[in-house]
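Student: One structure is given below, represented as C-alpha cells, and several questions about it will come after.
The values are calculated or read from the model by the stated rules, or taken from the named source; none is laboratory data. Please read these numbers as outputs of a predicted model, since none were measured by experiment. Counting neighbours? That spans all protein chains shown, and the Cβs are built from the backbone with ideal geometry, glycine included.
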C-alpha cells in the first residue's frame, strides 16, 4: 500500500491533500464545462493554498491541458477553427516571451500574485472591446499565454475577446476550451524546456486529468440548465475567501 501511495502521490504532498486535489479537479472541470469559464482560476486558487510554489504553475498547466482537451473533445463540433488559428499564433509568441522572463518566484510572492489575479478575475470588469473580430484572438493568445506562465490561469483574457464574437453558449464553451488547450500546451512545453521535472508529479497529474474528464462529462450535461446568477454569487464568495487566505499566508510568511 505504501509503495502504491508513493507511485500515485508526490512526496511533497500528503495523500489527503492529493485526494483533495483530485476531487477539486473534478469539481472545477464540471464548473468550466457548465459555464465556459472559472474552473482554471478556481483550481489554481485551491492548489496555491496547499502546494509548494515551485511546482504550482507547471503542474496546474498539465492538469488544465488534460481538462481542456477533454472538454474540447466533447464540444469539438462547435469549434471555430479560424478563432483557434489566430489564438495559437499569438500563444506561440506569448510562451516564447514568458519563457525568457519567468523565474522561480518565492512562494509568498507567487501566492500574492495569484491572489490578486483571482480577485481581479472575479470582481474586475473585462475590457469592453466592442466587436473586436477574430484577428484580435491573436493578441488574446499572446497576453493569456504570457500571463499564464506566471499566474497559471488567464482564461478571462481570451474570454473577453470571445464574448465579442457573437457566439452561442455552446460555441463559447467549445472555443474557450480549445484556445485554453493551446495556451497550456505551449506553456507546458516552455516549462519543460526550462527544466521542470514533471515525473515526480506524474501520478497525481494523471489522476487529476482523469477526474477532470469525468467532471467535464458531468458539466456538459448541465450546460444550458444551470441558474447562473445564483451560482456566480457563490463562486465569487468562495474565490474571494481563497484569495484572502492566500494573501494571509503570504503576508505571514513575509513577516516571519
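Student: Out of (1) closer than 30 Å to residue 195 by Cβ; (2) at pLDDT 75 or above, the odd one out for residue 175 is which?
Tutor: Of the numbered conditions (1) closer than 30 Å to residue 195 by Cβ; (2) at pLDDT 75 or above, the odd one out for residue 175 is (1).
Student: Run down 118, 62, 122 and say which single residue is part of a helix (DSSP H, G or I), modelled with pLDDT of 90 or more and either within 17 Å of the chain's Cα centre (by Cα) or within 19 Å of residue 162 (Cα to Cα) (or both).
Tutor: Values: 118 fails: modelled with pLDDT of 90 or more; 122 fails: modelled with pLDDT of 90 or more.
The unique qualifying residue is 62.
Student: Return the residue satisfying two criteria in turn: it lies in region 219-229 and is part of a helix (DSSP H, G or I) and surrounded by fewer than 15 Cβ atoms within 10 Å (Cβ to Cβ), and of such residues it is modelled with the lowest pLDDT. Even if it seems obvious, please write down each step before you answer.
Tutor: Initial filter on region 219-229 (part of a helix (DSSP H, G or I)): 219-222, 228-229.
Add one more test, that the residue is surrounded by fewer than 15 Cβ atoms within 10 Å (Cβ to Cβ), and what stays is 221-222, 228-229.
Working: 221: 74, 222: 69, 228: 60, 229: 67.
Among them, the one singled out is 228.
Student: I would also like to ask the following. Can you find, within region 182-198, the residue that is farthest from the chain's Cα centre (by Cα) among those that are modelled with pLDDT of 90 or more and either surrounded by fewer than 17 Cβ atoms within 10 Å (Cβ to Cβ) or not in a helix (DSSP H, G or I) (or both)?
Tutor: 198
Student: Quick one: in region 6-20, which of the residues that are within 16 Å of residue 50 (Cβ to Cβ) and either out of contact with any helix residue (DSSP H, G or I) (no Cβ under 6 Å at 6 or more places or on another chain) or without any contact (Cβ under 8 Å) to a residue 12 or more places away in the chain (or both) is surrounded by the most Cβ atoms within 10 Å (Cβ to Cβ)?
Tutor: Quick first cut of region 6-20, residues within 16 Å of residue 50 (Cβ to Cβ) only: 9-20.
This time we only want the ones that are either out of contact with any helix residue (DSSP H, G or I) (no Cβ under 6 Å at 6 or more places or on another chain) or without any contact (Cβ under 8 Å) to a residue 12 or more places away in the chain (or both), so: 11-16, 19-20.
On the way: 11: 8, 12: 14, 13: 18, 14: 13, 15: 11, 16: 10, 19: 15, 20: 15.
Per the criteria, the residue is 13.
Student: Also: Cβ-Cβ below 7 Å, separation at least six or inter-chain, first residue in region 55-76 and free of Cβ contacts under 8 Å to residues at least 40 places away in the same chain, second assigned to a helix (DSSP H, G or I) and surrounded by 24 or more Cβ atoms within 10 Å (Cβ to Cβ): which pairs?
Tutor: Close Cβ pairs satisfying both conditions: none exist.
Student: Residue pairs, Cβ under 6 Å, 6 or more apart or interchain, first in region 25-48 and outside any helix (DSSP H, G or I), second at pLDDT 75 or above. List them.
Tutor: If the second residue must be at pLDDT 75 or above, the pairs left are 36/172; 36/173; 36/176; 38/31.
Student: Something else about it: If a residue must be part of a helix (DSSP H, G or I), over 16 Å from residue 81 (Cα atoms) and either in contact with a strand residue (DSSP E or B) (Cβ under 9 Å, 6 or more places away or on another chain) or without any contact (Cβ under 8 Å) to a residue 40 or more places away in the chain (or both), how many such residues does region 154-181 contain?
Tutor: The total comes to 2.
Student: Give the residues of region 77-88 that are assigned to a helix (DSSP H, G or I), touching a residue at least 60 places away in the same chain (Cβ under 8 Å) and over 20 Å from the mean Cα position of the chain (by Cα), sorted by residue number.
Tutor: The answer is 77, 78.
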